[in-house]
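Encoded as structure tokens, the structure appears first; notes follow it.
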Amino acid sequence: MDLLFRTAQSRSRVSPAFGLLRRHYWPVVEEKKPVNPEHTYIPVVESAEDFKYVQKLLPPIVAPPVPVQSLMNYPTPSGWIPAAPANSNAPYFVGRSRIHGLPVYMEVEKPSYTKKFTKIKKVQGDIWQFEKDLIDWLRPHSFDALVATQVSEVNREVRIKGDYMEHVKQFLLERGF
Amino acid sequence: MFGLISPLLRSTVTKQWTKVLNPAQGPIPSGFLSSLGTIPSRLQSSESKTGLITERNYRFPPSGFVPSREAWVESLETIEDKKVGLVPLHPEVFAEFPRIDVIHTNIKWQTLYKHVDYSFARTRAEMPGGGRKPWPQKKSGRARHGSIRSPLWKGGGKAKGPRGPKTYFYLFHADMRSKGLKAVLSAKLAQDDIHIVDSFESLPSEDPKFLDALTAKRNWGLSVLFVDDTDFMPKNIALACHRRPGFTLMPVYGLNCYSMLKHETLVLTLAALNKIEERILTFDRRLKIRDFRDNTRPPVKKI
């Protein structure tokens, strides 16, 4: 406390000297007079056509739609598979994300980072039937044949305890979602 | 003072919304309103109202399990309800789950962000006097005190009181705002409180009694929110709603949860419906790319 007080005092004593070293926070604009004012003003033409070159640089707002013609061989080198055009007769539907990916996400609980959850979003229709089918699919892959799930009917989400990312993706792709 | 100012402010705002497009006043200067270019197309669509409207050209067509909702397209030409068409509504906007918690957070934000708390109390340091010790420390038989402005004293300063004008402004998540709009629109449609009209141009009379009779006949209630694509309105509806409490004209960019809940009925034009759906669907599909230009700062000039 004493040290702080002293420094504050010393700074106040030195303050007149600080005036010499003070920084200019605003740029000092010197009024430069042109040598020949006739040559400084260059005529400018506004061109709306050239804006297409600017638009090439701008990032896209939404992802482009799924290409039908160019990509016929699936899966793509990255492993992406599109949704089937006609879905199965299941009483539920799972949409795709905004970049046409499967809406399956991993949640890791802080701070231990040991509890893992698999979350499936965008489930429409009969979410309870979806949960049952999913549990039946995952049971052989689980350690003790028990799959703990949570269903949020309002948020249209299903959460599974454990890391089942690949199995859930297989399940969804097999149903054509 | 504030009671006097607020009605004036309100009148200016309504004036801004209800700018009358009068060709007798001469040509409107270019650049006056950015949405001016949408007039000719809107007039054409309002003129060609023969036949039922049944199809929509979606940029993002509905895909999924939830079927699209439907609504009648009405006309303001007659007092009786005259159907012009049947329009499908996108399920991602009009068939969402009416999340009450999301609506509540939106309403809370709308009430709080413009709230300023002006309450203020002086501390002992800010009050006059109190520098002198009221009586000696000892031998008087009274309690020891150092200042008459101590917070223990009556008429003393306030310890930890409200300090000055305090703003409650905060920015609400854009995702939650979009969700709130969808929740309110879905709830309103489920309650049969949304009506879609072809255009506001079709209102034949500027008499407020005609609009009163129309709303009474169609059971629209005492308060109606008219939403259009543009922020200037046709002359008849502007004059009919002028100085009428409960009848509000609003452009699409002013649509919000609070106003939709405050008014009993929401009346959308077809152009407004298209714009609302397109905006919300595009927003939900937008790529969350972080623009590299956000990190760059202009170079600091050393002087």
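Tabulated results
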quantity: Accessible area, probe 1.4 Å, largest first, for residues B:280, A:81; calculated: A:81, B:280
quantity: Cα principal axis extents for segment A:92-174, largest first, Å; calculated: 32, 27, 23
quantity: Extension gain, residue A:141 back to residue A:165 (0.36 nm per residue minus Cα-Cα distance, nm); calculated: 7.5 nm
quantity: Debye intensity ratio I(q)/I(0), log10, segment B:74-176, q values 0.24 Å⁻¹ (C-alpha model); calculated: -1.19
quantity: Per-residue average of Cβ from other chains inside 10 Å of A:90-96; calculated: 2
quantity: 5 Å-binned pair-distance histogram of segment B:116-167 (Cα, whole percent); calculated: 5, 21, 21, 18, 14, 9, 5, 4, 2, 1, 0
quantity: Extended-chain gain in nm, criterion 0.36 nm per residue less alpha-carbon gap, residue A:154 and residue A:99; calculated: 17.4 nm
quantity: Volume of the Cα convex hull of segment B:197-281, divided per residue and given in Å³; calculated: 90
quantity: Rounded accessible area of residue B:81 (nearest 10 Å², 1.4 Å probe); calculated: 70
quantity: Rounded to whole Å, sorted largest first: equivalent-ellipsoid semi-axes of segment B:167-243, Cα gyration tensor; calculated: 29, 17, 12
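The values are calculated or read from the model by the stated rules, or taken from the named source; none is laboratory data. Just so it is clear, the structure is predicted and the values come from calculations on it, not from any experiment. Glycine also receives a Cβ, built like all others from the backbone with ideal geometry; neighbour counts cover every protein chain displayed. Keep in mind that these areas ignore ligands, DNA and RNA; they rest on the heavy atoms of the full protein, side chains included. Shrake-Rupley method; radii C 1.70, N 1.55, O 1.52, S 1.80 Å.
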